[in-house]
Amino acid sequence: MSDVAKVQAAIEQINEETKGSVQRYGFDFDNAQIGLFLQNHSADETISQLRQFAEWQQHVNRQNHDGVTLTPVLIEYIAGSGNIADKLIELDRLREDARHGRFDPSNPIGRDLEFHRFNWAYREEIADGTDPALNGPYEDFVKLPVLPAQTHDPFVLDGQHLIEARRIAYEAYLLLGFLRKFKASTSRPVVVVGNDRYGRQWGVEPIEDYLKDDFKLVFPRVPSHKSTRLTVPDMIERVGIRAGFHREFIQYLSDEMPHVVVVDARNVGQGKDRELMRMSRGARDYANWFIAFNDLRADGDVSKYDFKMPHLANHYPELKKWYKYVEVERKMRPWVSPGETYAMTLWAPTITDEALLGDFKVKTRKVEYGSDEAQVVLANPIVYKTDEDDPNIHENLRGNRPYYYDGPEKFVKHTLQFGFGDYGLESRVIGNTTDEFVEAVQGFMKQEIARLGA
């Protein structure tokens with residue numbers, strides 16, 4: 001067996017012994033790279049050095065972004081003449097220098113020790129983050145610049161954004177008026193659910209200061225974009241993030257039966273349905289969830305609640321045979337006691353006889369003011385009329401359009417630049433963030449809501 005084959009067999013054995021834990025970080029050498037070792041060391045010395053390096057590499061790679069992935073420069077370094085123990089001490093020193101702000105970008109060994117962190121950043125921020133084995137292009141890494149200091153220009157809300165913000169402020173003002181009227185007509189506590197994102201960002205947060213003393217506020221996330229007719233909120237698929245309500249809140253609903261107002265919005269319709277009350281698919285998912293909740297409260301007797309909810313008659317038996325409904329009902333069964341069930345009503349600035357509830361066109365069940373029967377109100381604060389529909393429309397609704405601010409990242413979204421600085425691989429935020437944009441719009445909304453008389 002040749003020296004190259006002997007070393008290659010040892011590398012394969014090391015990878016097998018470590019169950020691939022170092023192989024994923026570049027511990028996989030071709031014949032030319034093995035030849036670099038054999039220029040300076042015997043086959044036995046090379047194998048001994050590689051074993052020591054593999055042990056070190058296992059120690060420094062701790063399933064985070066601070067490990068070491070081999071590069072051509074690092075392979076050439078450890079293959080060169082000299083003692084491997086001294087080389088590992090030097091690698092530790094260079095890594096320690098970077099972590100303490102003493103990184104030297106002109107040192108190619110120290111630079112390439114940062115390649116592993118570049119891989120992490122590439123997977124998470126440039127690629128989609130789904131392939132844990134994906135490495136960033138080495139040719140891109142070696143071209144990374146030394147970065148200037150971080151700069152920041154405050155975001156200024158102007159132009160059409162200001163005109164559009166007047167509409168959304170007026171809609172939030174109308175929502176505030178409804179909530180105050182509803183609260184004044186009942187002795188039950190009222191929970192306001194600002195669905196993340198639209199209901200939270202553009203409905204509840206701008207009026208939060210007016211609500212915090214008299215309402216309980218919660219901000220779960222039930223996304224519409226992956227919703228189906230039979231979706232019951234539990235987990236966001238393939239992400240592992242909870243959708244909807246947590247255990248303590250579900251127990252609170254069961255114990256206290258407060259009114260619940262779910263705030264969300266929906267895009268503009270087309271044709272003859274354009275001005276109908278419109279509830280999002282996310283709101284429809286909340287409605288599905290409350291069917292499961294009511295069913296537990298009613299011990300499975302649908303007749304105790306089906307007439308209270310704006311669904312088609314055939315929806316209940318189909319929903320109850322769908323896997324997600326069964327999973328969610330089993331999950332919350334220990335937390336929900338039999339008892340009173342919820343009625344479900346709908347609210348929007350313009351009440352119409354029919355409403356779109358996700359995929360359904362249903363007869364509108366109006367909010368019952370002055371009743372203490374527990375209600376879940378699906379609320380959409382958007383005004384779908386424009387000044388093209390009504391020349392005498394409120395001044396805040398002129399020159400703008402409904403649902404403009406859905407997906408604010410389409411207006412303002414920062415980019416990232418990676419490069420080198422005092423701490424090795426660093427990054428810079430280029431431009432304003434979406435959160436800064438949202439904060440600026442909300443700040444204007446709060447001023448406008450106050451001006452409108454809140």
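Observations on the model:
- Note on region 183-200: residues that are within 15 Å of Ala379 (Cβ to Cβ) and either in contact with a His (Cβ under 6 Å, 6 or more places away or on another chain) or surrounded by 23 or more Cβ atoms within 10 Å (Cβ to Cβ) (or both) total 7.
- Thr231 being out of contact with any helix residue (DSSP H, G or I) (no Cβ under 8 Å at 6 or more places or on another chain) and either in the same structural domain as Arg166 (by TED's automatic domain parsing) or in a strand (DSSP E or B) (or both): no
- Test for Phe118: is it surrounded by 20 or more Cβ atoms within 10 Å (Cβ to Cβ), under 18 Å from Gln417 (Cβ atoms), in contact with a strand residue (DSSP E or B) (Cβ under 8 Å, 6 or more places away or on another chain) and of a type in the set (A, V, I, L, M, F, W, C): yes
- Lone unmet requirement of (1) assigned to a loop (DSSP other than H, G, I, E, B); (2) in contact (Cβ under 8 Å) with a residue 40 or more places away in the chain for Asp131: (2)
- Candidates Gln39, Gln57, Gln63, Gln33: the one that is part of a loop (DSSP other than H, G, I, E, B) and either more than 42 Å from the chain's Cα centre (by Cα) or within 27 Å of Gly424 (Cβ to Cβ) (or both) is Gln63.
- Only listed residue being out of contact with any strand residue (DSSP E or B) (no Cβ under 7 Å at 6 or more places or on another chain) and either of a type outside the set (A, V, I, L, M) or touching a residue at least 12 places away in the same chain (Cβ under 8 Å) (or both), chosen from Arg274, Arg242, Arg266: Arg274
- The one condition from (1) over 23 Å from Leu174 (Cα atoms); (2) assigned to a strand (DSSP E or B) that Leu346 does not meet is (1).
- Residues in region 234-277 that are of a type in the set (Gly, Ala, Ser) and in a loop (DSSP other than H, G, I, E, B) were compared, and the one that is modelled with the lowest pLDDT is Gly240.
- Among the residues listed as Phe411, Phe420, the single one being closer than 18 Å to His161 by Cα, at pLDDT 95 or above and outside the structural domain of Pro258 (by TED's automatic domain parsing): Phe411
The rows are residues; the columns are (1) of a type in the set (D, E, K, R); (2) closer than 17 Å to Tyr286 by Cα; (3) not assigned by TED's automatic domain parsing to the domain that holds Val192.
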| site | (1), (2), (3) |
| --- | --- |
| Glu318 | yes, yes, no |
| Tyr323 | no, yes, no |
| Met332 | no, yes, no |
| Tyr342 | no, yes, no |
| Pro349 | no, no, no |
| Thr364 | no, yes, no |
| Asp372 | yes, no, no |
| Thr386 | no, no, no |
| Asn392 | no, no, no |
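- Among the residues of region 1-20, those identified as surrounded by fewer than 16 Cβ atoms within 10 Å (Cβ to Cβ) and part of a loop (DSSP other than H, G, I, E, B) are Met1, Ser2, Lys19, Gly20.
The values are calculated or read from the model by the stated rules, or taken from the named source; none is laboratory data. Everything quoted here is computed from the prediction, not taken from an experiment. Cβ atoms come from the backbone with ideal geometry, glycine included; neighbour counts cover every protein chain shown.
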